[in-house]
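Q: Take a look at this one; I'll ask things after.
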Amino acid sequence: MLRSGSRAPEQHLVRIDFRDRFKLENDCDNDFLEVRDGAHGYDELRGTFCGSQFPPIITSSDRHLWLRFKTDENVEYDGFKIVYEFIPRPVNWTTPEKRPCQINMTGEQGFVNNTNIDEEILSFSKQHSLPIDCTWHITVKPGWKIQLTFKKFNLFRPNECENNFLDVFSNKTDIPQTERMRK
């Protein structure tokens, strides 16, 4: 499995174009290319591609595109070729560039809540009516385990699960949908 991320300079977007060849197994269970609009494997899915039909040109909504190629290594096809470029954000682009929200935590115990989020990110999100998408990286000593206990769990709009949720990942953030724990 190959994972790659493309990050454009500030005020630019990422555009990918499939050229010359696109030939994978027809069954997306064995070989596929997954493209997500963002820096992580949990960002909005732009498409999962297999077979021989060329995918469309894909342009990110901000500075990042995330790609994952999975193959079972049993049957070989020609593969694919992608050309990427960083293009300036259009002048009339209405969506402001998201600010990254990464929170690193270490130690024997701690609390994860919205008070960990930088006030600048909260203000920016409120000012531009953008959702907040934060990632907490919790690191413990080798051999230790992490136990999560939810004493209180509130979401702004709890019935809008597509846009308002908590994902818990083990080791990496690109676990396939079926292996994710969604609350």
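Rule-based calculations on the coordinates, nothing more; no lab input. A quick note: this is a predicted structure, and the numbers were derived from the prediction, not measured. Here Cβ is always computed from backbone atoms with ideal geometry, including for glycine, and neighbour counts include all displayed protein chains.
Q: In sequence order, what are the phi-derived ³J(HN,Hα) couplings for segment 30-46 according to the Karplus relation 6.51 cos²θ - 1.76 cosθ + 1.60 with θ = phi - 60°, rounded to whole Hz, with x for glycine and proline?
A: Calculated HN-Hα couplings, in order: 9, 10, 7, 10, 10, 10, 10, 8, x, 8, 10, x, 10, 6, 4, 6, 8 Hz.
Q: Same structure again: Working out 0.36 nm times the residue gap between Arg19 and Ile138, then minus their Cα-Cα distance, what length gain in nm do you get to one decimal?
A: Difference between extended and current length: 38.8 nm.
Q: In addition: For Lys145, go through the aspartates and glutamates and keep the ones whose alpha-carbon is under 17 Å away, minus same-chain ones fewer than eight residues off.
A: Straight-distance partners of Lys145: Glu108.
Q: Going by a ≥ b ≥ c, the root eigenvalues of the Cα gyration tensor, does segment 2-88 fall in the rounded group (a/c under 1.5), the prolate group (a/b larger than b/c) or the oblate group?
A: Prolate is the answer for segment 2-88, as a/c is 1.5 or above and a/b outweighs b/c.
Q: Once you have the Kirkwood Rh of segment 1-155 from its Cα pairs, apply Stokes-Einstein at 4 °C and 1.567 mPa s and quote D in µm²/s.
A: For these conditions, the coefficient is 71 µm²/s.
Q: While we're on this one: Taking the Cα centre of segment 95-135 as origin and charging only Cβ (+1 Lys, Arg; -1 Asp, Glu), how large is the dipole, in debye to the nearest 20?
A: Dipole of segment 95-135, to the nearest 20 debye: 140 debye.
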